[in-house]
Amino acid sequence: MKKVVSSLFLCFTISVIAQKGEFKWPLADPIVLSGNYGELRPNHFHAGLDFSTKNAINLPVYAAKDGYVSRIKVSSMGYGKCVYITHANGKVTVYGHLTNYEPALNKYVKSEQKKAKQYEVELFPKPGEIKYKGGDIIGYSGNSGNSTGPHLHFEIRDEKRKCL
C-alpha cells in the first residue's frame, strides 16, 4: 500500500511540475509510463520513472529544462548510456538507457573513450561546458545497460541528488 501511495504521489508531483512549466516532458507525446517510482525490483526500489517507447529505439530524447551536462556515464550495467543535466534551480534530470547521444555529445564521449582506451566511462564535464536548452535533443531512446526492453528512464533529483 505504501508503495502505491508513494508512486501515485510522485506521479502527481511530476505532473504538477510539468504543468507549472518547470520541466518539459523528455519524450514527445503521448507519455506512457512503463515503470513507476518506488517499484520493487529484484534487488532495489526503482528510483525514477520509465517512459514507454512502445519497443522503439532511437526516439528523440529532449532536455526537460535549460541546463548543462554535469555527468555522462557509459556502462554495460545500470542505466547504460546515461546523461545528467544540472539546472539553474539546482535540480538534476537523469536520462537513462539511451541508445546514443546527440551528435555533438556523442563526439565528445567517443573522444573521451578513445583517451581512456575503454568503452565504459564516467565523465564530468566542466559546469557550462556542454549546455542545452529545454526541448533540445540530447540523445535517443534505447535499451542500454540493465534494461528489459526499449524505454527511457527519467529522474528529477534535488540538490542533494535525492530523487524527487
Given a cut-off of 30 Å, name the pairs among Lys24/Lys54; Lys54/Lys114; Lys24/Lys114; Lys107/Lys133 whose C-alpha atoms lie farther apart than that in the structure shown. Lys54/Lys114; Lys24/Lys114
Separation between the Glu112 and Lys133 pseudo-spin-labels, each 7 Å from Cα along Cα→Cβ, expressed in nm? 2.5
Separation between the Tyr119 and Asp158 pseudo-spin-labels, each 7 Å from Cα along Cα→Cβ, expressed in nm? 3.8
Computed on alpha carbon atoms, what radius of gyration and Dmax characterise the range 67-164, expressed in Å? 12.8, 36
Shape box of the range 57-102 [Cα atoms, principal axes, largest first, Å]: 30, 21, 12
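The numbers here are math on the coordinates, done by the rules we state, and not lab data. Since this is a predicted model, take the numbers as computed values, not measurements. Cβ atoms come from the backbone with ideal geometry, glycine included; neighbour counts cover every protein chain shown.
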